[in-house]
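**Q** Structure incoming, see below.
What follows is calculated from the coordinates using simple rules that are stated; it is not laboratory data. Because the structure is predicted, anything quoted here is derived from the model rather than measured. Glycine also receives a Cβ, built like all others from the backbone with ideal geometry; neighbour counts cover every protein chain displayed.
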Amino acid sequence: SMTISELGSELIRMYHSAPENEKVTFIHLFGIKYGSTLLKNKYGAGEIIKASGLNDSYKTEVQKGIKLSKYVSYTE
């Protein structure tokens, strides 16, 4: 299982790898991809955002992805 620090690093990596107009989409994608891990470990979106160094306002976007993760399966 990933630590908060590892998840924060993955979030910032995904954010920076996103096409210019799709940064927020990739934050949602992070929430979808890691939603089950976050829920299982009771990690809050705020903790992950803090670990990533992104602006706190993105917390809501991570939460949206986590909610979507229950209904969407992620494949690369």
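**Q** With the dipole of the chain worked out from charges on the C-beta (+1 for Lys and Arg, -1 for Asp and Glu) around the Cα centre, which of LEU39, THR3, LEU29 lies farthest toward the positive end?
**A** Going by the charge dipole, the pick is LEU39.
**Q** Can you tell me the length gained on complete extension of the stretch ASN21 to GLU76, counting 0.36 nm per residue apart and subtracting the Cα distance?
**A** The ASN21-GLU76 span can extend by a further 17.8 nm.
**Q** Find the lysine pairs in the chain meeting two conditions, Cα atoms under 16 Å apart and a separation of 8 or more places or different chains, and report how many there are.
**A** Taking the chain as the scope, the lysine pair count is 17.
**Q** Hey, another quick one. Count the net charge of all other residues whose Cβ sits under 15 Å from the Cβ of ASN41, scoring Lys and Arg as +1 and Asp and Glu as -1.
**A** For residues surrounding ASN41, the net value is 0.
**Q** Treating the beta-carbon of each Lys and Arg as +1 and of each Asp and Glu as -1, no other charges, what is the dipole magnitude of the chain about its Cα centre, to the nearest 20 debye?
**A** Using Cβ point charges on Lys, Arg, Asp and Glu, the chain gives about 320 debye.
**Q** Can you compute the equivalent ellipsoid semi-axes for the chain, i.e. the square root of 5 times each eigenvalue of the Cα gyration tensor, sorted largest first and rounded to whole Å?
**A** The three semi-axes for the chain are 16, 15, 11 Å.
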